[in-house]
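Below: one structure, written as structure tokens.
The values are calculated or read from the model by the stated rules, or taken from the named source; none is laboratory data. Keep in mind that this is a model prediction, so the values were computed, not measured. Ideal geometry is used to build each Cβ from the backbone, glycine not excepted, and the neighbour counts take in all protein chains shown.
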Amino acid sequence: YNPLLPSGEILKTWFSSVNYQAARTQPQLPLLKRKQEYQLSLVFDCQPENGVYTKITFFDRYGDILEKKVEKAKDFIFTYPEDSYTYQVSLLSAGFESLTFYHFSIKEIRSV
């Protein structure tokens, strides 16, 4: 519980690509296919209900931002942009009083 944490503050960020020499870590997100739809689902308990937002940011091969998407919902669908090279997923504070984060998943949506 932290009532002094401002809204919009990044709580955690996961990366699809990292510089191993600098960070000594592996990528935390799966590689995605261009122009493919995916569903991102988060599992957490939060008070109040909409106290956390999710931001997904797509980058081109030069590290420039192509697109940002901020969502209030725990489950949402996004399309991986054609020119995207890497992406990151961030959890943002939106005025929550308590948060217990469990996990999230990214699933490919198959066309029928």
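Of note, Lys68 satisfies the criterion of being surrounded by fewer than 13 Cβ atoms within 10 Å (Cβ to Cβ) and either out of contact with any Ser or Thr (no Cβ under 9 Å at 6 or more places or on another chain) or closer than 22 Å to Pro27 by Cα (or both). Within the bounds of region 33-44, is there any residue that is part of a loop (DSSP other than H, G, I, E, B), polar (S, T, N, Q) and at negative phi? Looking through region 33-44, at least one residue is part of a loop (DSSP other than H, G, I, E, B), polar (S, T, N, Q) and at negative phi. Among residues of region 38-57 that are more than 9 Å from Glu71 (Cβ to Cβ) and in contact (Cβ under 8 Å) with a residue 40 or more places away in the chain, those with a Cβ under 6 angstrom from a residue that is of a type in the set (S, T, N, Q) and exposed (fewer than 13 other Cβ atoms within 10 Å of the Cβ), sequence gap 6+ or separate chain, pair up as Ser41/Ser105; Asp45/Thr100; Gln47/Ser98.
Residues in region 88-105 that are modelled with pLDDT of 90 or more and of a type in the set (S, T, N, Q) were compared, and the one that is nearest to Thr13 (Cα to Cα) is Ser90.
Scanning region 47-79 for residues that are among the hydroxyl-bearing types (Ser, Thr, Tyr) and in a strand (DSSP E or B) turns up Tyr53, Thr54, Thr57, Thr79. Scanning region 31-48 for residues that are surrounded by 13 or more Cβ atoms within 10 Å (Cβ to Cβ) and within 30 Å of Ser98 (Cβ to Cβ), we see that the one that is modelled with the lowest pLDDT is Cys46. Flag: Tyr102 matches the condition of being under 30 Å from Leu4 (Cα atoms), assigned to a strand (DSSP E or B) and either touching a residue at least 40 places away in the same chain (Cβ under 8 Å) or of a type in the set (Gly, Ala, Ser) (or both). Considering every residue within region 64-87, establish whether at least one is within 15 Å of Lys12 (Cα to Cα) and hydroxyl-bearing (Ser, Thr, Tyr). Checked region 64-87: at least one residue is within 15 Å of Lys12 (Cα to Cα) and hydroxyl-bearing (Ser, Thr, Tyr). For the criterion of being at pLDDT 90 or above and closer than 21 Å to Ile106 by Cβ, Tyr62 fails.
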